[in-house]
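Q: Take a look at this one; I'll ask things after.
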Amino acid sequence: MTWGPLLRLKEALGPEAELMVVGGAVRDERLGRSHADWDLATRLLPQVVMERARAAGLRVIPTGLQHGTVTVLLEDLPVEVTTFRSDGGYLDGRRPESVRLGVGLEEDLARRDFTINAMAQPVGGSDLVDPFGGQRDLAARTLRAVGDPLQRFAEDGLRPLRACRFASQLGFTVEPATLAAIPLRLGVARKVAVERVFTELDKLLRGDEPHLGLTLLAESGLLDLWLAELRPMLGCLQNRHHRHDVWTHTLEVVRQVPAEAGLRWAALLHDAGKPGTRSTGPDGEVHFHGHEARSLELAETILERLRSSLSLRREVAALIRHHGTHPTEAWSDAACRRFLGRLAEDSLPLERWAAFRLADQRGKGLDLESRLDGHQGLLSRLRALAAAAPPLAVRDLALDGAALMKLAGRPGGPWLGELQRQLLVAVLDDPGLNRAEALAEVARKLMPPD
Ligand code: ATP
Ligand code: MG
């Protein structure tokens, strides 16, 4: 949406409304970033906003009257219009006990978390309202709490995590006093509802500079509140295949992988099992035997605790499970197809596996060119094999369960599953066998005697 529809709303509400764009939209407009929502603020009370907007033919939904918020539909886009308000006292470190409507704009801006989020742009002209130096901090790419950070982080424990999230999204640094306040307010941050924590961590991971946010989490101690299992990765040294310790490698992989939730969470968690499986062999070489399985367990534990969706958990598990498979040129076509079959079983598309693997290889920080050449060669081969749409699972067999029972002249039982598994092995080896007649011939040879 552009500013046009906002002007129409301003006209509907009248000049005394002091209609302002506030918060993230002002910040993102000035940074030239796209943003999903427009938050508006006004001096008018919510009932008056509703009356006047409706009188002008706009659709209005009373979404949060007690907080002063109504939603107005502008060109089918919902826009929240909130009355200037100040927050009453905070008792639980989560949300204000009450909100007070009918205050001035400055008080409204003063309750906001960071200076770059505490600017207001009047709709239809005049200058930016910026009482806390938001423009200066935008230019300096700095996150600075509005007012005393110790007090602001005592009011609401989500704010420190939001600082890390904005650092990741915007590539900003946190101003020293604001940063120093975080470790002193971990007790408040601990109380934040897990759903809100997940939302922020997820946004942090999907940001443009996720390593900045993750580094802040680790350095401030926030990591230990929600992702304590990851702490041993810091400083966990690896072997000659890696330039970096496990944590630094992880930050690299998170950064390299496309900014989608499944890939980013998998990148964060894929080597979490390394510290717990680290051993040194007789030759002095460091090993991480079984780390994929351990990482898988830790990822499950963490994502379940954070109440992530089941679909995210499944995708992360699939990526972790297969990240340790390193197909080589020496693999036979049959071996490649068996691998494609395992990916299919986990509903993991080849391209996602490949994107993850590429980032994982890059994150090793060594011998890059030969690794990437190998990766591309291998991927072309896997793609070509997959393009022939070979049978990869029991459901792809040219004879289904019913056909096999008929062929055998006996009812289903454990023998059937075993036979299907053997047939699959045969067609993975030679996809040409996957025609009804040829497969029936193989099946007859494999069928157990009655
Ligand atoms: P985005 O929409 O990209 O997540 P945003 O800055 O718009 O970023 P919102 O959660 O939409 O974030 O909140 C809108 C505005 O409300 C913020 O810009 C900020 O001014 C204020 N705000 C949001 N959450 C808090 C909070 N926990 N404490 C203080 N102010 C907040
Ligand atoms: Mg917003």
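The values are calculated or read from the model by the stated rules, or taken from the named source; none is laboratory data. Please read all numbers here as calculations on a predicted model, not as lab measurements. Every residue, glycine as well, gets a Cβ built from its backbone with ideal geometry; the counts of neighbours run over all protein chains shown. Accessible surface is based on the protein model in full, side chains and every heavy atom, while ligands, DNA and RNA are left aside. Shrake-Rupley method; radii C 1.70, N 1.55, O 1.52, S 1.80 Å.
Q: Show the residue pairs meeting these rules: Cβ distance below 8 Å; 6+ apart or different chains; first residue within segment 195-208 and free of Cβ contacts under 8 Å to residues at least 40 places away in the same chain; second residue part of a helix (DSSP H, G or I).
A: The qualifying pairs are Arg196/Leu158; Lys203/Arg165; Lys203/Ser168; Lys203/Gln169.
Q: Can you spot a residue in segment 266-279 that is open to solvent by 10 Å² or more (accessible area, probe 1.4 Å), of a type outside the set (Ser, Thr, Tyr) and in a loop (DSSP other than H, G, I, E, B)?
A: Step one: filter segment 266-279 for residues open to solvent by 10 Å² or more (accessible area, probe 1.4 Å), giving 274-279.
Narrowing further to those that are of a type outside the set (Ser, Thr, Tyr): 274-276, 278.
With in a loop (DSSP other than H, G, I, E, B) added as a condition, the list becomes 278.
Yes; the residues of segment 266-279 include at least one that is open to solvent by 10 Å² or more (accessible area, probe 1.4 Å), of a type outside the set (Ser, Thr, Tyr) and in a loop (DSSP other than H, G, I, E, B).
Q: May I pose another question? Enumerate the helices (runs of 4 or more DSSP H) found wholly within segment 136-228, keeping only those where 2 or more residues are more than 26 Å from Ser308 (Cα to Cα).
A: Values: elements: 149-155, 158-170, 176-184, 186-189, 194-205, 210-220, 223-226.
In segment 136-228, the matching helices (runs of 4 or more DSSP H) lie at 149-155, 176-184.
Q: Here is a list of conditions, (1) under 18 Å from the mean Cα position of the chain (by Cα); (2) more than 15 Å from ligand 1 (Cβ to nearest atom); (3) not hydrophobic (A, V, I, L, M, F, W, C), and Arg206 meets all of them except one; can you say which number that is?
A: (2)
Q: Within segment 252-263, does at least one residue satisfy the condition of being assigned to a helix (DSSP H, G or I) and basic (Lys, Arg)?
A: yes
Q: Still on this structure, I have one more. Under 8 Å by Cβ, and 6 or more places apart or on different chains, what pairs join a residue from segment 396-412 that is touching a residue at least 40 places away in the same chain (Cβ under 8 Å) with one that is acidic (Asp, Glu) and exposed (fewer than 15 other Cβ atoms within 10 Å of the Cβ)?
A: Final answer for the pair search is Arg410/Asp450.
Q: Suppose we filter Arg165, Arg190, Arg196, Arg231 for residues that are surrounded by 16 or more Cβ atoms within 10 Å (Cβ to Cβ) and either outside the structural domain of Asn117 (by TED's automatic domain parsing) or on the phi > 0 side of the Ramachandran plot (or both); which single one remains?
A: On the way: Arg190 fails: surrounded by 16 or more Cβ atoms within 10 Å (Cβ to Cβ); Arg196 fails: surrounded by 16 or more Cβ atoms within 10 Å (Cβ to Cβ); Arg231 fails: surrounded by 16 or more Cβ atoms within 10 Å (Cβ to Cβ).
That would be Arg165, the only listed residue that is surrounded by 16 or more Cβ atoms within 10 Å (Cβ to Cβ) and either outside the structural domain of Asn117 (by TED's automatic domain parsing) or on the phi > 0 side of the Ramachandran plot (or both).
Q: Only residues that are small (Gly, Ala, Ser), more than 13 Å from ligand 2 (Cβ to nearest atom) and free of Cβ contacts under 8 Å to residues at least 40 places away in the same chain: list them for segment 23-57, please.
A: The first filter runs over segment 23-57 and keeps only residues small (Gly, Ala, Ser), leaving 23-25, 32, 34, 36, 41, 53, 55-57.
Going one step further and asking which of them are more than 13 Å from ligand 2 (Cβ to nearest atom), we end up with 32, 53, 55-57.
Across segment 23-57, the qualifying residues are Gly32, Gly57.
Q: Looking only at helices (runs of 4 or more DSSP H) that lie completely in segment 287-365, which have at least 3 residues being under 17 Å from Val257 (Cβ atoms) and in contact with a Phe, Trp or Tyr (Cβ under 8 Å, 6 or more places away or on another chain)? Can you show your working first?
A: Values: elements: 291-305, 310-322, 333-345, 350-362.
Qualifying helices (runs of 4 or more DSSP H): 310-322.
Q: Under the condition of being more than 12 Å from ligand 1 (Cβ to nearest atom) and within 21 Å of Arg264 (Cα to Cα), which residue from segment 168-187 is surrounded by the most Cβ atoms within 10 Å (Cβ to Cβ)? Before you say what the answer is, go through the steps one by one.
A: First, the residues of segment 168-187 that are more than 12 Å from ligand 1 (Cβ to nearest atom): 171-187.
Cutting the leftovers down to within 21 Å of Arg264 (Cα to Cα) gives us 171-172.
Details: Gly171: 13, Phe172: 22.
Per the stated criteria, the residue is Phe172.
Q: Inspect all residues belonging to segment 40-58 and state whether any of them is surrounded by 19 or more Cβ atoms within 10 Å (Cβ to Cβ), within 14 Å of ligand 1 (Cβ to nearest atom) and of a type outside the set (Phe, Trp, Tyr).
A: yes
Q: Restricting attention to segment 2-24, does a residue exist that is away from ligand 1 (no atom under 16 Å from the Cβ), within 33 Å of the chain's Cα centre (by Cα) and of a type in the set (Phe, Trp, Tyr)?
A: yes
Q: For segment 288-326, which residues satisfy the criterion of being in contact with a strand residue (DSSP E or B) (Cβ under 9 Å, 6 or more places away or on another chain) and either over 19 Å from Asn239 (Cβ atoms) or surrounded by 15 or more Cβ atoms within 10 Å (Cβ to Cβ) (or both)?
A: Within segment 288-326, Phe288 is the sole residue that qualifies.
Q: Also, quick follow-up: Of all residues in segment 382-395, which are in contact (Cβ under 8 Å) with a residue 40 or more places away in the chain, assigned to a helix (DSSP H, G or I) and either open to solvent by less than 20 Å² (accessible area, probe 1.4 Å) or among the β-branched types (Val, Ile, Thr) (or both)? Before the answer, list the steps.
A: Initial filter on segment 382-395 (in contact (Cβ under 8 Å) with a residue 40 or more places away in the chain): 382, 385-386, 388, 390-393.
Next, only the ones that are assigned to a helix (DSSP H, G or I) stay: 382, 385-386.
Result: Leu382, single match.
Q: With the condition kept exactly as written, say whether any residue in segment 327-342 is in contact (Cβ under 8 Å) with a residue 60 or more places away in the chain, in contact with a Leu (Cβ under 8 Å, 6 or more places away or on another chain), under 29 Å from His291 (Cβ atoms) and open to solvent by 30 Å² or more (accessible area, probe 1.4 Å).
A: First, the residues of segment 327-342 that are in contact (Cβ under 8 Å) with a residue 60 or more places away in the chain: 334, 337-338, 341.
This time we only want the ones that are in contact with a Leu (Cβ under 8 Å, 6 or more places away or on another chain), so: 334, 337-338, 341.
Then keep just the ones that are under 29 Å from His291 (Cβ atoms); that gives 334, 337-338, 341.
Filter once more, keeping what is open to solvent by 30 Å² or more (accessible area, probe 1.4 Å): 338.
Checked segment 327-342: at least one residue is in contact (Cβ under 8 Å) with a residue 60 or more places away in the chain, in contact with a Leu (Cβ under 8 Å, 6 or more places away or on another chain), under 29 Å from His291 (Cβ atoms) and open to solvent by 30 Å² or more (accessible area, probe 1.4 Å).
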